[in-house]
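Colleague: The structure follows.
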Amino acid sequence: MLSAVSPKKMHIILQNIRTVLKPNGCVLFRDYCIGDFSKGKFADKNQMISENFYVRSDGTYAFYFSEDSLSQLFEECGFHASELSVYTKLIENRRRKVSMERRWIRAAFCISDNNLS
């Protein structure tokens, strides 16, 4: 759900999550990745708000993370990555004869006892 939030507010959300995690707790993450087929559709329709951040026609947002930007965001909020990978799946719409490469980032970000504030 982090992709549906303004990048300006992502730090606040992660700091709030950090306050409710138990010592050595982890956040399991899966969200949109740069290179996803749908990102190209937004760019074609001139729906960009800022870099990698788009508005859908229904007014909701979509942010596309890179591995580096996601790691940096979580690290700035006191987390460390224990796992981080990009999952890619080719989806074919045979009726429309379109192949779509879908991409998501999957990660686990943890906090250790000595990082609690």
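Readers should treat all values here as calculations from the given coordinates under stated rules, not as data from a laboratory. It should be emphasised that the depicted structure is a prediction, and the values quoted were computed from it without experimental measurement. We place every Cβ from the backbone using ideal geometry, glycine too, and count neighbours over all the protein chains shown.
Colleague: Can you find a residue that is without any contact (Cβ under 8 Å) to a residue 12 or more places away in the chain, of a type outside the set (A, V, I, L, M, F, W, C) and farther than 20 Å from K9 by Cβ anywhere in region 69-84?
Modeller: Just the residues of region 69-84 that are without any contact (Cβ under 8 Å) to a residue 12 or more places away in the chain, to begin with: 72, 75.
Restricting the remaining residues to those that are of a type outside the set (A, V, I, L, M, F, W, C) gives 72, 75.
Okay, now just the ones that are also farther than 20 Å from K9 by Cβ, so none.
The answer is no; no qualifying residue exists.
Colleague: Now, a different point. For S3, indicate whether it is over 24 Å from G78 (Cα atoms) and of a type outside the set (D, E). Outline the logic, then answer.
Modeller: Values: over 24 Å from G78 (Cα atoms): no; of a type outside the set (D, E): yes.
Against the criterion (over 24 Å from G78 (Cα atoms) and of a type outside the set (D, E)), S3 does not qualify.
Colleague: Filter region 18-59 down to residues that are of a type in the set (V, I, T) and touching a residue at least 60 places away in the same chain (Cβ under 8 Å) and give me whichever is nearest to K89 (Cα to Cα).
Modeller: Keep residues of region 18-59 that are of a type in the set (V, I, T), which gives 19-20, 27, 34, 49, 55.
Right, trim to touching a residue at least 60 places away in the same chain (Cβ under 8 Å) and you get 27, 34.
Numbers: V27: 23, I34: 14 Å.
So, considering only residues that are of a type in the set (V, I, T) and touching a residue at least 60 places away in the same chain (Cβ under 8 Å), the one nearest to K89 (Cα to Cα) is I34.
Colleague: Starting from residues that are more than 16 Å from the chain's Cα centre (by Cα) and among the acidic types (D, E), keep the ones in region 28-68 and report whichever is farthest from K9 (Cα to Cα).
Modeller: Restricting to residues being more than 16 Å from the chain's Cα centre (by Cα) and among the acidic types (D, E), the top hit is D44.
Colleague: Limited to region 49-83, what total is found for residues that are assigned to a loop (DSSP other than H, G, I, E, B), buried (at least 16 other Cβ atoms within 10 Å of the Cβ) and touching a Cys at 6+ places or on another chain (Cβ under 9 Å)?
Modeller: Total satisfying the criteria: 2.
Colleague: Sort out which residues of region 1-48 are surrounded by 12 or more Cβ atoms within 10 Å (Cβ to Cβ), of a type in the set (S, T, N, Q) and assigned to a helix (DSSP H, G or I), and write them in order of number.
Modeller: Matches in region 1-48: S3, Q15, S38.
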